[in-house]
Amino acid sequence: MSDTHLPKRAKQLPEQLLAELPGADVVFHAGDWVDTATLDLLESRSRRLIGVYGNNDGPGLRARLPEVAHAELDGLRFGVVHETGPAQGREARCAARFPGLDVLVFGHSHIPWDTTAPGGLRLLNPGSPTDRRRQPHCTYLTAVVAGGALTDVTLHRLPQR
């Protein structure tokens, strides 16, 4: 997930998303939490949380989270960052900035994104579960990592609030 913007854009995370947390081996958050309570909640409900701060996150979150996070999961090298710049040229820019990664999870735009850069870097933006902006739905992503492969990448559309 990314760009939760609590409590400014919503008062709480959607129940559908919260129900997914206990079953996930790893939860990613690509920044713009806005409040530390959301970080505390996800830490308490997740087996493993990998998160970064975003441009709307203040000193409390920046003290607890990195700008870029890395993790290896079943042989796949993941990176998480909030901002990647404009959509045009994103694949090449991210491949150059993050050599050696297999998957980059990012946020900022609130626009779901799933592409593969030349060289194989998979770029994933889950959108936002609380602030759809110009999108038809609030969203988040789930995926399966097994045997060194990323499969079953699914964009979940949340019901209107």
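Values in this text are rule-based calculations from the coordinates and carry no lab data. Remember, it's a predicted structure, so these values are computed and weren't measured experimentally. Ideal geometry is used to build each Cβ from the backbone, glycine not excepted, and the neighbour counts take in all protein chains shown.
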Extension gain from ARG97 to THR36, taking 0.36 nm per residue of separation minus the Cα-Cα distance
19.1 nm
Does region 5-87 come out rounded, prolate or oblate by the C-alpha gyration tensor, with a ≥ b ≥ c the root eigenvalues, rounded set by a/c under 1.5 and, if not, prolate when a/b is larger than b/c and oblate if not?
oblate
What's the exposure ranking of CYS138, CYS94, going from fewest to most Cβ atoms within 10 Å?
CYS94, CYS138
Quick one: if you take sqrt(5λ) for each eigenvalue of the C-alpha gyration tensor of region 15-157, what semi-axes come out, biggest first, whole angstrom?
21, 18, 16
What ranking do GLU20, GLU67 get, fewest neighbouring Cβ atoms within 10 angstrom at the top?
GLU67, GLU20
How long is the gain from ARG134 to ASN55 if the chain were fully straight, where each residue apart is worth 0.36 nm and the alpha carbon distance is subtracted?
26.5 nm
Contour minus end-to-end for ASP25 and ALA63, with contour as 0.36 nm per residue of separation and end-to-end as the Cα-Cα distance?
11.2 nm
Where in region 79-108 does the label zone of HIS70 land, with the point 7 angstrom along Cα→C-beta and an amide N cut-off under 17 Å?
79-82, 94-106
Given HIS82, LEU104, CYS94, which one lies farthest toward the positive end of the charge dipole of region 15-157, if we put +1 on the Cβ of every Lys and Arg and -1 on the Cβ of every Asp and Glu?
CYS94
